[in-house]
Every structure is written in structure tokens, then in C-alpha cells.
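No lab work stands behind these numbers, since they all come straight from the coordinates. Not measured: the values here are computed from a predicted model. Don't worry about glycine lacking a Cβ; one is built from the backbone with ideal geometry, like all the others, and counts go over all protein chains shown.
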Amino acid sequence: MTPAQALHTATIFGAELMQMQNDIGTIEPGKYADVIAVSDDPLKDPTVMENVKFVMKGGMVVKDEMTGALVRTQ
């Protein structure tokens, strides 16, 4: 499986498997989106997914190693 296929399987196919493709699986208007950021292109180096630098969940930043900013927790 290529890195692109692995990411596709984890996101879009995962949402389809759970029959939630109208709500999750892709980033687009009207869908729930938890967002991550990594330091490089995971399509070129999938191992960067092992070290996530930024996480936004439910519209709130819960991890931010990119800017060094303080992160609020609930």
C-alpha cells in the first residue's frame, strides 16, 4: 500500500466503513474535522505520522509544537 492509499484508507474509507462519510473522512464545509499537522509531507515520508506536531479537536487546539504557543485544555 502506498502512503497515499494508507491515508485514504484511514480517513475516507474509514468514514465509509462506519457509514459516516457525510459527517467525517474529509475536510470540507459542514463536516466535523479534527486536524493534525506534521513536520513534513507524509506522502513522501509516512513515518512523520509517528510524530504529530499539532492537533485541533472540536475546534480547539490541544497540542501545538509548531509555534511553541501555550495550549488551553478543558
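Across the chain, Cα-Cα distances exceeding 16 Å account for 59% of all pairs.
Under the convention that each Lys and Arg Cβ holds +1 and each Asp and Glu Cβ holds -1, the size of the dipole of the chain around its Cα centre is about 220 debye. Ordering 49, 6, 32 by the projection of their Cα atoms onto the charge dipole of the chain, which places +1 on the Cβ of Lys and Arg and -1 on the Cβ of Asp and Glu, puts 32 at the extreme positive end. For the chain, the number of Lys pairs separated by eight or more positions or lying on different chains, with C-alpha atoms closer than 22 Å, is 4.
Here the spin labels are modelled as points 7 Å beyond Cα on the Cα-Cβ line, and at residue 6 and residue 35 they lie 2.4 nm apart.
Annotation note: chymotrypsin sites (Phe, Trp or Tyr not before Pro) in the chain located in DSSP loop regions with a Cβ neighbour count of at most 16 within 10 Å are 32.
Amide H contacts of residue 63: 55, each under 5 Å away and 5 or more positions distant or on a separate chain (H built 1.01 Å from N in the peptide plane; Pro and chain starts excluded).
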